[in-house]
Each structure stands twice: as structure tokens, then as C-alpha cells.
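What follows is a single structure, written as C-alpha cells, with notes after it.
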Amino acid sequence: MSADAAAPDPGRHVVVTGAGSGIGRAIALRFASDGARVSLLGRRVSALEETMALAGSAGSLRAHGCDLRDPGSVRAAVASAAAAFGPVEVAIANAGVGGPNGPCYQEEGAEDRFDELVSTNLGGTYRFFRAALEHLAPEAPDAALGGPRRHLVAVSSILARIGVAGYTGYCASKAGVSGLVRAFAAELAPLHIQVNAVAPGWVDTAMAREGLDGMAAAMGISQEEALAIAMKDVPLGRMGRPEEVAGLVAWLTTADAQGVTGQTMDMNGGAFMS
């Protein structure tokens, strides 16, 4: 296979949710640098516009505001993206919210973010994929032979694999994303649509730093000390970078990955080994 086989096809229409920061921004910039037309979806249009500015002259990018908890908002945003850049070839469900939702034995009536976490992370992924399927590019005649392909990719988490006290909502929502991906993959395989997920561990993003702040506050230590403790469970001993996750997502949409579907790809420095 030639070296070009590992490079995403230029000019494809890629839609990325949560593209205003962190991993979503890195994914959008990666595809833009490969020459794709990238539609950026998120609640904060100003953050999406910052991503567009960072892309500079690379690719073609357009921002579309939407709330993944609202089916009508999601459908309208994807329809707007398809009207601007054409049928969707790659749909990447990255948007999500993190943090704890409290102990499972807390008193009834106490603040509990379980519904918010599941509706955004799991329900939002489902709603976005359903909306993207309404505007997916036609199947290429030679798709079964490695021609242009359609892809749905979700960003899950290492917490889909392991349990963390107080994080029932986040763990359940991300584990649900992996189950959702398997079911979509089985249903869409006859149409030559590949569906996969990536499950990062510690990645240097604002969300991760907030988690470290919470850990530090609970233990009465500095964020640097909290990071050192967290890295003890990571064999490679380092946080990942958003660009590394973006690289894995990009690879899943190349000809080199045409046999991969229904999978959740772990990228966590060895913190979880299946």
C-alpha cells in the first residue's frame, strides 16, 4: 500500500461537534489541515470562530450553533452544514460534559447531574448521528473495494472502561457511547458505513485540568501534585495531547482502517489494557 493510503481524502465534508475547544478543536484543525471542508458544531459560536481563526488558510471551515440536547437544534445545524458544504462524509460526535454527579447514596432532592450527563454525552451522540445520517453522502460504487467511505466516529473515554466513585453519570454515558457505536456499526455495515469510537485517558484539556483541580482540592494538594498522583496509574507516565487523539480519529477514516468498525479504540498511555 502506498504512503498516501494513510492520508485522509482531501475535500471531504467533515462535521465535528464540540469543535470549540480541546479534543474537538484539535480534530477540526487536523481535518482542515488535510484539506477537508469542516463544519464546526457547538453551543458557543464564539469558541467555534476561534477554531476557525486558528485554522488560518487551511481547509474551509464554517460554524453552526446548536444544542445537542435539543433534537430540533441538532437537525437544523446539520442541515445547515450540508447546505453549505454538501453531503456529510465524516460525522464526529465529540461534544460532551464532564465532572461528577455526586455519590449514589445522596439524599433525594440533592443536586444530581446524572440526567444532564447522560442526555448530553449519550443522547447527544445519538441525536447527532441520526441527524448526520439524513445528510450522508451517497455510497460510492466501489466502497466495498476500498473506495470513498462514510464514517461515524464518537469520542468516548477511559471511564467507559473503569468505574470512578461519584462519576456514575459520566461513566454510564461514556460506556453507553461504546454500546451505541456497536449497535450502529452492526446496523450500518450493509451500507458500508463504518462506525467507531476512541476512548482517551488523561488528555491535556481544560476539562482534564478541572478534574485535577477537583482532585487537588479534595486532597488539599497542588494541581501539580495531583497530576503526579494521576500519572502513577499511567504506564507511559504522561498526559496525552489533543492532537494525538485527532490523529487516531483521522486514521479511522482512512483506507488503512477500512476493516475497522464497531470498535472503541483505547488511547490512554496504558492506564487500561484490554
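Quick notes
- Where a residue in the stretch 221-233 is outside the structural domain of Ile162 (by TED's automatic domain parsing) and modelled with pLDDT under 90 and its partner, wherever it lies, is of a type in the set (Phe, Trp, Tyr) and surrounded by 14 or more Cβ atoms within 10 Å (Cβ to Cβ), with Cβ under 7 Å and at least six apart: Ala230/Trp202
Yes/no matrix, rows are residues, columns are (1) touching a His at 6+ places or on another chain (Cβ under 8 Å); (2) surrounded by fewer than 24 Cβ atoms within 10 Å (Cβ to Cβ); (3) hydrophobic (A, V, I, L, M, F, W, C):
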| position | (1), (2), (3) |
| --- | --- |
| Leu29 | no, no, yes |
| Asp34 | no, yes, no |
| Leu41 | yes, no, yes |
| Gly65 | no, yes, no |
| Ala76 | no, yes, yes |
| Ala83 | no, yes, yes |
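- Matching residues, the stretch 146-182, being buried (at least 19 other Cβ atoms within 10 Å of the Cβ) and β-branched (Val, Ile, Thr): Val153, Val155, Ile158, Thr168, Val177, Val181
- Residue in the stretch 198-220 that is free of Cβ contacts under 8 Å to residues at least 24 places away in the same chain, more than 19 Å from Gly99 (Cα to Cα) and surrounded by fewer than 20 Cβ atoms within 10 Å (Cβ to Cβ) present: no
- Residue check, Gly240 within 30 Å of Glu89 (Cβ to Cβ), touching a strand residue (DSSP E or B) at 6+ places or on another chain (Cβ under 6 Å) and among the small types (Gly, Ala, Ser): yes
- All positions within the stretch 248-274 that are at positive phi and touching a Pro at 6+ places or on another chain (Cβ under 8 Å): Gly269, Gly270
Yes/no matrix, rows are residues, columns are (1) outside the structural domain of Asp34 (by TED's automatic domain parsing); (2) part of a strand (DSSP E or B); (3) within 19 Å of the chain's Cα centre (by Cα):
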{"position": "Ala53", "(1), (2), (3)": "no, no, no"}
{"position": "Ser57", "(1), (2), (3)": "no, no, no"}
{"position": "Ala77", "(1), (2), (3)": "no, no, yes"}
{"position": "Ser80", "(1), (2), (3)": "no, no, no"}
{"position": "Ala91", "(1), (2), (3)": "no, yes, yes"}
{"position": "Gly98", "(1), (2), (3)": "no, no, yes"}
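- Counted residues, the stretch 29-51 - those being assigned to a strand (DSSP E or B) and of a type in the set (Ser, Thr, Tyr): 1
- Test: residue in the stretch 34-46 that is of a type in the set (S, T, N, Q) and either assigned by TED's automatic domain parsing to the domain that holds Gly214 or over 15 Å from the mean Cα position of the chain (by Cα) (or both): yes
The values are calculated or read from the model by the stated rules, or taken from the named source; none is laboratory data. Nothing here was measured: the structure is a model prediction, and the numbers come from that model. Glycine gets a Cβ as well: all are built from the backbone with ideal geometry, and neighbour counts include every protein chain shown.
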